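Peer 1: Have a look at this one.
The values are calculated or read from the model by the stated rules, or taken from the named source; none is laboratory data. Just so we're clear, the structure is a prediction, and the values are computed from it rather than from any experiment. With ideal geometry, Cβ positions are generated from the backbone for all residues, glycine too; neighbour counts draw on all protein chains shown. SASA here: full protein model, heavy atoms, side chains in, ligands and nucleic acids out. Shrake-Rupley method; radii C 1.70, N 1.55, O 1.52, S 1.80 Å.
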Amino acid sequence: MDFKGRDIIDINDFSKEELLYILKSAKKFDPAFAKKDRSNYTIAQGKIAATLFFEQSTRTEQSFKSAAQKIGMGIIGFNDPHSTSIHKGESFSDTIRIMDAYADVLIIRHPKVGSAKEAADLAQIPVINAGDGPNQHPTQTILDLYTMMKEAGKLDGIIVALMGDLKYGRTVHALSLALSHFKVKQIFISHPTLRMPDEFLQVLDKRGVEYEEFDVLPEDLKADFVYQTRIQKERFKDLNEYKKIKDKFILDASFKKYLDRGVKLMHPLPRVNEIDSVLDAHPNAIYFEQARNGLYIREALLTLILGRI
Ligand code: NCD
């Protein structure tokens, strides 16, 4: 399988076989699977990653930077566009053309849907979508799949409940699409105004995926994973709407009974108040392990698109 030079823009660009290949490649970077000390620090030596963050991030930006350095890459880029010539009025396309000349891979997060695709059309080098507005976040999806695979030992046959902001949450959009390649039942739990958009449900219908929708967390929920998400305040046009909904889907100490039953709780993070920290110590609360897995996935993805695996 050849990933050299590929852009990572839309999860739909990856077949089931390709997704599984990436998951397998990430094991080489994961101390849970690597047999001895990982000597990967020179795989991508001499290559440069540029991180272009037009929107805030902690995990995605820092784990890409860490992953790049762990495989020997140098790093350039910005996370405050106002510290660059964008502040003087330089266009998006000029910024991309310039960074294209200085790096070997561009990692871009931007509030506008389609911005990563636009960058990929302009750039000669591979572009990774680190989140384009409410649309997609494909590398988060791959690390979510990796986490489920690592925890459950399989993807076919599991049941996944996606919860919270299914309308604006880009992580759940791309995750639902990716899970549709596998025999996974999907359960959507959200306020009626934040349902999974029809465009994504139509894909599930077309692919014959079994799914259910609820507007409260069912008492007798049967699921292997609950994937909780943050209500995406920054995407609401009317903040009063946000205020009405923001405290409706909080998982507090009463969720412990689900964890005790074996449900594993995931979250792409950051959380605001939607998972009470009293749940953190439970062995089935796995959101911090999930974030850690992002490192191995990003080491694998960078190595693959640079053609160094
Ligand atoms: C998410 C994002 O930016 O889409 N965070 C992440 O990358 N792990 C989720 C969020 O902001 O709610």
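Results for (1) part of a loop (DSSP other than H, G, I, E, B); (2) open to solvent by 10 Å² or more (accessible area, probe 1.4 Å); (3) within 17 Å of residue 5 (Cα to Cα), shown as yes or no for each residue.
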{"position": "63", "(1), (2), (3)": "no, yes, no"}
{"position": "98", "(1), (2), (3)": "no, yes, no"}
{"position": "101", "(1), (2), (3)": "no, yes, yes"}
{"position": "108", "(1), (2), (3)": "no, no, yes"}
{"position": "128", "(1), (2), (3)": "no, no, yes"}
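Peer 1: Just to check your reading of the model, which residue among 252, 224 is open to solvent by 20 Å² or more (accessible area, probe 1.4 Å), farther than 21 Å from residue 133 by Cα and within 23 Å of the chain's Cα centre (by Cα)? Don't jump to the end; show me each part of the working.
Peer 2: Details: 252 fails: within 23 Å of the chain's Cα centre (by Cα).
Among 252, 224, only 224 is open to solvent by 20 Å² or more (accessible area, probe 1.4 Å), farther than 21 Å from residue 133 by Cα and within 23 Å of the chain's Cα centre (by Cα).
Peer 1: Please specify each residue of segment 120-163 satisfying the condition of being in contact (Cβ under 8 Å) with a residue 24 or more places away in the chain, in the same structural domain as residue 29 (by TED's automatic domain parsing) and more than 16 Å from the chain's Cα centre (by Cα).
Peer 2: Within segment 120-163, 120, 122, 123, 124, 125, 126 meet the criteria.
Peer 1: While we're here: Can you pull out the residues in segment 152-177 that are part of a helix (DSSP H, G or I), surrounded by fewer than 22 Cβ atoms within 10 Å (Cβ to Cβ) and in contact with a helix residue (DSSP H, G or I) (Cβ under 8 Å, 6 or more places away or on another chain)?
Peer 2: Once the filter is applied, which keeps residues that are part of a helix (DSSP H, G or I), surrounded by fewer than 22 Cβ atoms within 10 Å (Cβ to Cβ) and in contact with a helix residue (DSSP H, G or I) (Cβ under 8 Å, 6 or more places away or on another chain), segment 152-177 yields only 177.
Peer 1: Any residue in segment 71-82 that is within 16 Å of the ligand (Cβ to nearest atom), in contact (Cβ under 8 Å) with a residue 12 or more places away in the chain and open to solvent by 50 Å² or more (accessible area, probe 1.4 Å)?
Peer 2: Within segment 71-82, one or more residues are within 16 Å of the ligand (Cβ to nearest atom), in contact (Cβ under 8 Å) with a residue 12 or more places away in the chain and open to solvent by 50 Å² or more (accessible area, probe 1.4 Å).
Peer 1: Same structure, new question: Could you check how many residues of segment 255-281 are outside any helix (DSSP H, G or I), away from the ligand (no atom under 13 Å from the Cβ) and within 23 Å of the chain's Cα centre (by Cα)?
Peer 2: To start, the set of residues in segment 255-281 that are outside any helix (DSSP H, G or I) comprises 261-276, 280-281.
Of the ones still in play, those that are also away from the ligand (no atom under 13 Å from the Cβ) are 261-265, 276, 280-281.
Checking which are within 23 Å of the chain's Cα centre (by Cα) leaves us with 263-265, 276, 280.
Adding up the residues that qualify gives 5.
Peer 1: Search segment 164-178 for residues being within 13 Å of the chain's Cα centre (by Cα) and among the aliphatic types (A, V, I, L, M), and hand back the single one that is farthest from residue 245 (Cα to Cα).
Peer 2: The selected residue is 178.
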